[in-house]
Structure formats: structure tokens, C-alpha cells
1. Rounding to the nearest 20 debye, state how big the charge dipole of the chain is about its Cα centre with +1 on each Lys and Arg Cβ and -1 on each Asp and Glu Cβ.
2. Ignoring any ligand, DNA or RNA, what whole percent of the accessible area of the chain comes from carbon and sulfur when the probe is 1.4 angstrom?
3. Taking H placed 1.01 Å from N in the peptide plane, check which residues at least 5 places from residue 33 or on another chain put their amide H under 5 Å from its amide H.
4. How much net charge surrounds residue 92 when only other residues with a Cβ under 11 Å from its Cβ are counted (Lys, Arg +1; Asp, Glu -1)?
5. Taking the chain as a whole, which cysteines find no other cysteine Cβ under 4.7 angstrom from their Cβ?
6. Accessible surface of residue 102 in the full protein assembly, 1.4 angstrom probe, to the nearest 10 Å²?
7. Mind listing the phi-derived Karplus ³J(HN,Hα) values for region 19-32, rounded to whole Hz, using 6.51, -1.76 and 1.60 with θ = phi - 60°, and x for any glycine or proline?
8. Kindly report the accessible area of the chain per residue (heavy atoms of protein chains, probe 1.4 Å, no ligands, DNA or RNA), in Å².
Amino acid sequence: QVQLVESGGGLVQPGGSLRLSCGASGSTFAIGRMGWYRQAPGKQRELVAAITRAGSTNYAASVKDRCTISRDNAKDTMYLQMNSLKPEDTAVYYCKADGRFDLRVYWGQGTQVTVSS
């Protein structure tokens, strides 16, 4: 089993920055692709960015020029650096990990990001 814990959310003004972290524990060798998702009130959960173990990344068009996803496999941690935040970035941000050898999916409990003046 894999446990994921997000941190780094909070309240930030428009134009500000935040760095989210997702720490993994348990059978971390079994983690393959990881990603950040978000869910705003009344909306479906959506992909923000994803990264493979090898470091290949992909981003949602809405954040591509403002966010950077990274991971440190030695520390079993994934990050999301978010810059130039907008009110529409307000959401609960979730960390997701896919199984490396099977179809298991793991989710964190989420961290709230609120962008408001």
C-alpha cells in the first residue's frame, strides 16, 4: 500500500505563488506516474499536471505557463510550484499516484488552495 500526504496549500493573493508537496510512504517502489489534480466547488476533478518516474511531464493548458511539476524519487516526494495564481485556481488540490506494476491508484486527502484578495 501507498499513502500520500499533501501539504503547502493556503490563502494567497492573486499573482502570488505557492509550492505544494506530496509525500509518499509505504510501498513507494510501486509508484509509477504521479500527478496533481484539483477540484473546485461544483466542478469535476481535473488534471493539473503529471510526471513519470523518468521525469516526463504534461500540463493542463490552463496552468502550463504558470506551474512546474517535479519529483524527487529518492525522497518519495512530488512538488507543484504554482506562480501567477488566479482566483480560478482556487480548489482542493489532490496528489495521485498510479501503480508501477499494476492498475492501482492512490489518492491523497487534498490540500485547499484559495486565491483571493
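The values are calculated or read from the model by the stated rules, or taken from the named source; none is laboratory data. Predicted, not measured: the structure shown is a model, and the values here were computed from it. Counting neighbours? That spans all protein chains shown, and the Cβs are built from the backbone with ideal geometry, glycine included. Ligands, DNA and RNA are stripped out before the accessible areas are found, and what is left, the full protein with its side chains, is counted by its heavy atoms. Shrake-Rupley method; radii C 1.70, N 1.55, O 1.52, S 1.80 Å.
1. Working: 14 positive and 9 negative charges, 26 e Å.
Result for the chain is approximately 120 debye, rounded to the nearest 20.
2. Details: 2980 of 6150 Å².
The computed percentage sits at 48.
3. 53, 98
4. Details: positive: 38, 43, 45; negative: 6.
Residues near residue 92 contribute +2 overall.
5. Flagged as lacking a Cys partner: 67.
6. Approximately 70 Å² of residue 102 is accessible to the 1.4 Å probe.
7. After applying 6.51 cos²θ - 1.76 cosθ + 1.60, I find 10, 8, 10, 9, x, 10, 9, x, 7, 5, 5, 8, 8, x Hz.
8. Value for the chain: 53 Å² per residue.
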